[in-house]
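Student: Structure provided below as structure tokens; questions to follow.
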Amino acid sequence: MSIPHRTLLPDAGERSCALPGTDSSDARRAGHLVRSLGGQLGSQALLAAVGMAALPLLARNLGPGRYANFSLAIAILGLASQLDVVRPRFVRSFARGEVDREELSTLWTVDLLLVAGLATLVATLGLGASAALPIGVGALCFAGASREFALLSARGRVGTATAVRNLGWAAATLGAVLVTSLQPAGWTWLWCFPTANLGILVTYRALLGGLGEPVRALPGVGFDRAAWSRLVREVRDLLGHGLSVLVLGSADKLILERRATDATTSGAYMGQYDLAVKVHVISTALGATLYPQLSRAIQVEGREAAAHCFLDFASKVAVAYFVGLALMIAFHEDLVRVVLGPDFAPAAPLFAWMLPGVFLAHFGFLFTPWQRARGDFASQRRAYGTGAFVMLVVGVIAIPRFGAPGAVATYLAARAAECLLLLGERRSLGLEHRPTARLACAAAMAAALFALAWYRTGGLAL
């Protein structure tokens, strides 16, 4: 079922996205989109609540020293989601009805090898062989579910698919809390996450069976030279983007872990970091919901109609982010003390300075699905590749010299990626979308957050 541009944002206003009251099919589609968003946001809110509740327990169970290893292991587990090059390609192909079995089976085969292999390699180098096995198994199960997640998304069940994934990860987080309370040393707790990923895969297959989509009808493992040659460019762009995001999500922590004079310093920083990026659960949910909808809307209604709704939607999200982050900066000390505990309170200014960077980072979560829906996978590779390079340069200079404050500066420098993404989108949009005015408003909000962080903390003590 195609999704007209009017239903992409039912409450965005009469000019571009209002629901026609006389069209019952439009109303049904709008209701479906609202339910999908509700399912995703509800499960994301539950996952965030579990994460927020688990964070102080994990911090207390492990202490700043062992918490550094926990945070690093979770970041490496996130490698699976960043390097899963099949998932966005599958979603777009299924949503647009462009299913080439040879191409998709080739992509899936390569994806399994890349995701599991690279995750295991990074875990071995960063944490040792004892942590590499559960991380590798978890990455393999995550990549194995790519086809099922994409087909559920294309069938209008992205909210259900995301809810299953979030509930599984919430259960894994609670399991980690239980295991670390009994045995804080070692990596036993890490097996909670591959177990959850395996359960998610099994649940996806059961849901597809209920929709009349047997798993045997999905493209399986295979390799076709002609198909691979046609897909090399997309694979390069998606893989380049995934590797760059991996660097952006872990380089500051890896460098700090190696250069910090004591484990307490790195653990305190990682606690502030993990608390700050919890905000991204909202953008992740919105981006995942919009991606298949935008893919179909661009094909059916055209790029201009979809662009109006998307930009109206992104503008409202930016304002909501600004207000929420401003409140978090204003009360950063109390928030850190309550959530992370008194051991992390002395490092609370680091948390306040990360939040303006979180505001800039959320634009990437919104504009990446919009670009991918248009078939543009290269812009993210270029922007995030540049951001990763900037982050590494700043990190190797600032972190050894300044420690945790240098890691915050490294994180903020990495936001060059989202700035480049926005500048590139500004050039691709027509004047009727007012890209310059929208960009100026976003820059003003970011500057206001930096000014508020300076006021509340007296500056980042480098």
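The values are calculated or read from the model by the stated rules, or taken from the named source; none is laboratory data. Small disclaimer: the values here were computed from a predicted structure and weren't measured. Using ideal geometry, Cβ is built from the backbone for each residue, glycine included, and neighbour counts are taken over all protein chains shown.
Student: What single numbered condition from (1) in a loop (DSSP other than H, G, I, E, B); (2) modelled with pLDDT of 90 or more fails to hold for G156?
Tutor: The failed condition is (2).
Student: Which residues, taken from the range 385-408, are of a type outside the set (A, V, I, L, M) and part of a helix (DSSP H, G or I)?
Tutor: Answer for the range 385-408, where residues must be of a type outside the set (A, V, I, L, M) and part of a helix (DSSP H, G or I): G385, T386, G387, F389, G395, P400, R401, F402, P405, G406.
Student: Next up: Among all residue pairs at least 6 apart or on different chains, which show Cβ distances below 7 Å where the first residue, located in the range 322-336, is at negative phi and the second is among the aromatic types (F, W, Y) and in a helix (DSSP H, G or I)?
Tutor: From residues that are at negative phi, the pairs are F322/F359; L325/F359; H332/F351; V336/F344; V336/F351.
Student: Please verify whether A176 is touching a residue at least 40 places away in the same chain (Cβ under 8 Å), more than 23 Å from A53 (Cβ to Cβ) and among the aliphatic types (A, V, I, L, M), treating the condition exactly as stated.
Tutor: no
Student: Now, a different point. So, G138, is that one modelled with pLDDT of 90 or more, assigned to a helix (DSSP H, G or I), touching a helix residue (DSSP H, G or I) at 6+ places or on another chain (Cβ under 7 Å) and over 15 Å from A288 (Cα atoms) or not?
Tutor: Spelling it out, it is not the case that G138 is modelled with pLDDT of 90 or more, assigned to a helix (DSSP H, G or I), touching a helix residue (DSSP H, G or I) at 6+ places or on another chain (Cβ under 7 Å) and over 15 Å from A288 (Cα atoms).
Student: Please count how many residues of the range 373-426 are over 19 Å from G249 (Cβ atoms) and among the basic types (K, R).
Tutor: 3
Student: Just checking, which of Y411, Y455 is surrounded by 18 or more Cβ atoms within 10 Å (Cβ to Cβ) and either assigned to a helix (DSSP H, G or I) or among the small types (G, A, S) (or both)?
Tutor: Going through Y411, Y455 in turn, just one is surrounded by 18 or more Cβ atoms within 10 Å (Cβ to Cβ) and either assigned to a helix (DSSP H, G or I) or among the small types (G, A, S) (or both): Y411.
Student: What residue, of A80, A18, is modelled with pLDDT of 70 or more, among the hydrophobic types (A, V, I, L, M, F, W, C) and either at positive phi or touching a helix residue (DSSP H, G or I) at 6+ places or on another chain (Cβ under 8 Å) (or both)?
Tutor: Result: A80 is the single residue among A80, A18 that is modelled with pLDDT of 70 or more, among the hydrophobic types (A, V, I, L, M, F, W, C) and either at positive phi or touching a helix residue (DSSP H, G or I) at 6+ places or on another chain (Cβ under 8 Å) (or both).
Student: Of the residues F402, F389, only one is more than 24 Å from the chain's Cα centre (by Cα) and closer than 23 Å to S266 by Cα; which?
Tutor: On inspection, the qualifying residue turns out to be F402.
Student: Ok, one more. Checking A154 against (1) closer than 23 Å to L290 by Cα; (2) crowded, with 24+ Cβ neighbours inside 10 Å, only one condition comes out false. Which one?
Tutor: Tallying (1) closer than 23 Å to L290 by Cα; (2) crowded, with 24+ Cβ neighbours inside 10 Å, A154 fails exactly one: (2).
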